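Shown next, in structure tokens, is the structure this report addresses.
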Amino acid sequence: MADLYEVENLHLSLPDMTRKPLFGAAPRIEILKGLSFNIPEGEILGIVGGSGSGKSTLGRALVRLLEPTSGAVRFDGDDVTHLSEQALRPMRRRFQMIFQDPMSSMNPRHRVGRIISAPLRLHGVENAREAAREALDHVGLPRSFETRYPHELSGGQRQRVGIARAIALRPDFILADEIVSGLDVSSQAQVLALLERLVRELGLTLAFISHDLSVIRRLCTRIVVLHHGEIVENEPTAELFDNPRAGYTRELLDAIPLPDPDEPWF
């Protein structure tokens, strides 16, 4: 299967605002250090690492919410590493992001229908309201939810709205950044089952960022392990769990209680 993403020698540094002088620019700190990997079409890639490992920074670089310092990010053969926002705009409907906290990414004054349809209108999609309703269908929410406000929904329902907003544009790629970390176990299982179904039914490619290896194990076909901004493992899920090669990966596995993979999870 063809690669949707090709990442080559990716470096990304950000200003260290904790050391910003009174005058002048803040010194920069290197977050990502020479990452290289591919994401084939249809894959569910897990990106895992501890706090400060660079996993969220990597995700934002993939969807160009952050611009890499050097290296290359190619999406479906096109180099998007340093494209301007104007040049990126027609491509943005092809890669979307689901955020960890849906409340912080939704306007509390807007109803669900408007929250989902706004990006559609921005990209000139005809009949945006009907497309938003279809997105609600895909995530298992009644169409009547289009008139509700975010605060009227449960955490799992808000996350489904976030997923609906991401899939409404029918993207090729979705980045999900710690999207189940704030949910109870039952809601986590439902959201993960939903993502797995959407990947299959809509032909999506998914990158799923999490610190929870039990979640990663259930959902992902391959795992990239980050440590201090570097890739220490890039293996199929079964191979990584059966034969971890990096000491840091073994530490992660030892630190997190893992359920029996043969037990049902939804």
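Bear in mind these aren't lab numbers, they're just calculated from the coordinates by the rules spelled out. Since we're looking at a predicted model, the values are computed, not measured. Note that each Cβ is placed from the backbone with ideal geometry, even for glycine, and that neighbours are counted across all protein chains shown.
Is there a residue being buried (at least 20 other Cβ atoms within 10 Å of the Cβ) and in a strand (DSSP E or B) anywhere in segment 234-246? Among the residues of segment 234-246, not one is buried (at least 20 other Cβ atoms within 10 Å of the Cβ) and in a strand (DSSP E or B), which makes the answer no. Restricting attention to segment 27-77, the residues being more than 15 Å from HIS11 (Cα to Cα), polar (S, T, N, Q) and surrounded by fewer than 15 Cβ atoms within 10 Å (Cβ to Cβ) number 1.
Across segment 82-117, the number of residues qualifying as under 18 Å from LEU35 (Cα atoms) and surrounded by 19 or more Cβ atoms within 10 Å (Cβ to Cβ) comes to 0.
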